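Below is one structure, written out as structure tokens; comments come after it.
The values are calculated or read from the model by the stated rules, or taken from the named source; none is laboratory data. Quantities reported herein were computed from a predicted structural model and do not represent experimental measurements. So basically every Cβ, Gly included, is an ideal-geometry build from the backbone, and we count neighbours across all protein chains shown. Side chains included, ligands, DNA and RNA excluded: accessible areas come from the protein's heavy atoms. Shrake-Rupley method; radii C 1.70, N 1.55, O 1.52, S 1.80 Å.
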Amino acid sequence: MQLSIEQKGVNTLFMVGDKVLVKPRHPSSQTKSGLYLPPTVQQGEKIQCGYVIKTGPGYPLPTQTEEQEVWKKKDDTVHYLPLQVREGDLVVYLQNVAYEIRFNDENYMIVPHSAILMLVRDEGLFE
């Protein structure tokens, strides 16, 4: 199933929890030996790779339930354990766990952080 959304820009999207927005990298349709693969073969792969566009805040942490004095104000803010991936990373993820969306005529994948197998980070990419 594919979800189609029409909006102005990617900055209007906010990822929730441990979800990561990935722009799939289109693999070469030609193998090293020179054979051309049809698109259905490429889409049927178990793992895919792509670039991280947006990340969620992370895993929500449970609130501390210590005995507090009655006059002290409770801290109702939610705290998160941050994700390992960052925007701009190249990730290898499990295809069958990801959800495909179409945003402004481009395909993106929503991938849970647990489905990411490996990441490649180029520190000098944004310098």
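What strands (runs of 3 or more DSSP E) completely inside the stretch 85-127 contain at least 3 residues that are within 13 Å of Pro24 (Cα to Cα), aliphatic (A, V, I, L, M) and touching a residue at least 12 places away in the same chain (Cβ under 8 Å)?
Ranges flagged: 90-94, 106-112.
Kindly list, by first and then second residue, each pair from a residue in the stretch 10-21 that is in contact (Cβ under 8 Å) with a residue 60 or more places away in the chain and part of a loop (DSSP other than H, G, I, E, B) to a residue that is surrounded by fewer than 13 Cβ atoms within 10 Å (Cβ to Cβ) and of a type in the set (Ser, Thr, Tyr), limited to pairs with Cβ atoms under 9 Å and residues at least 6 apart or on different chains.
Asp18/Ser114
Being open to solvent by 40 Å² or more (accessible area, probe 1.4 Å) and within 22 Å of Pro60 (Cα to Cα) is the filter here, so list the residues in the stretch 88-118 that pass it.
Those that are open to solvent by 40 Å² or more (accessible area, probe 1.4 Å) and within 22 Å of Pro60 (Cα to Cα): Val97, Tyr99, Ile110, Ser114, Leu117.
Filtering the stretch 4-40 down to residues that are aliphatic (A, V, I, L, M), over 16 Å from the mean Cα position of the chain (by Cα) and surrounded by 11 or more Cβ atoms within 10 Å (Cβ to Cβ), which residue is modelled with the highest pLDDT?
Among residues in the stretch 4-40 that are aliphatic (A, V, I, L, M), over 16 Å from the mean Cα position of the chain (by Cα) and surrounded by 11 or more Cβ atoms within 10 Å (Cβ to Cβ), the one modelled with the highest pLDDT is Ile5.
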